[in-house]
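Below is one structure; the comments refer to it alone.
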Amino acid sequence: MNQIVKLLETSIFASRWIQAPLYLGLIVAQIVYCYLFMVELSHLVHNAFGEKHISETDVMLIVLGLIDVVMIANLLIMVIVGGYETFVSRLDLEDHPDQPEWLSHVNAGVLKIKLSTAIIGISSIHLLKTFINAGNMTEHTIKWQVIIHVVFLVSAAAMAWVDKLMNETLQLQHQGKQHH
């Protein structure tokens, strides 16, 4: 019976590797985002210096779109690197000069907080684009974008609060074990 339990536990632990192709897929998505960024950037340069001049508002909207792509790419990196490190396998990056600072203290809670703040940043860019382009949008659309953004803010604050409570509880448990 012990061998069956050991095999089951080994299989369950090894199942984390099923996620590896998911992270590889996100790397492909990152490549697609990089390509789309370059296409949009080339359109911006062509329109800014070509015969068809674009307005400052149009430039601002395109630049905000580029920033949005960069923020989504940053989010992808956090999910790829942080998720792989947290849920699949440790990355052997000791003493690597390019190791991200945040990776040394990443865990599921930290990753959730970082992801939620990235999502808030992305939502903020979308909201800014909406306000700049408000004349071409319905009041209904603007209202719902603001509501969704506020929900993101409240969700992130709730996650941070729960993470803080969990960390305080762990510290109290750790202190209690030290006194015994």
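Values quoted throughout were computed directly from the atomic coordinates according to the rules given, and no laboratory measurement underlies them. These numbers were taken from a predicted model, which means no experiment stands behind them. Cβ atoms come from the backbone with ideal geometry, glycine included; neighbour counts cover every protein chain shown.
Using 16 Å as the cut-off for backbone N distance, which residues of segment 57-89 belong to the label zone defined by a point 7 Å from the Cα of S15 along Cα→Cβ?
Only 87-88 pass the distance filter.
Tell me, in nm to one decimal, what length is gained between K52 and V28 on full extension, where the rule is 0.36 nm per residue of separation less the Cα-Cα distance?
Numbers: separation 24, 0.36 × 24 = 8.64 nm, distance 3.40 nm.
Length difference between fully extended and current span is 5.2 nm.
Between (1) 16.8; (2) 12.0; (3) 9.8, which matches mean projected area of the Cα convex hull in nm² calculated for the structure shown?
Computed from the coordinates, mean projected area of the Cα convex hull in nm² corresponds to (1).
So which helices of the chain fit the span-like rule, where a helix is a whole DSSP H run, its Cα atoms reach 24 Å or more along the axis, and its mean Kyte-Doolittle is at least 1.6?
Going by DSSP H runs, the hits are 56-77.
Just to be sure I follow the rule: in segment 2-179, considering lysines 8 or more places apart or on different chains, how many pairs have Cα atoms under 24 Å apart?
Going through segment 2-179 pair by pair, I get 6.
With r as the distance between the Cβ atoms of M1 and T130 and R0 = 45 Å, compute the FRET efficiency 1/(1 + (r/R0)^6) and round to 0.05. It would help to have the intermediate numbers written out before the result.
On the way: r = 62 Å, r/R0 = 1.37.
With a Förster radius of 45 Å, E is 0.15.
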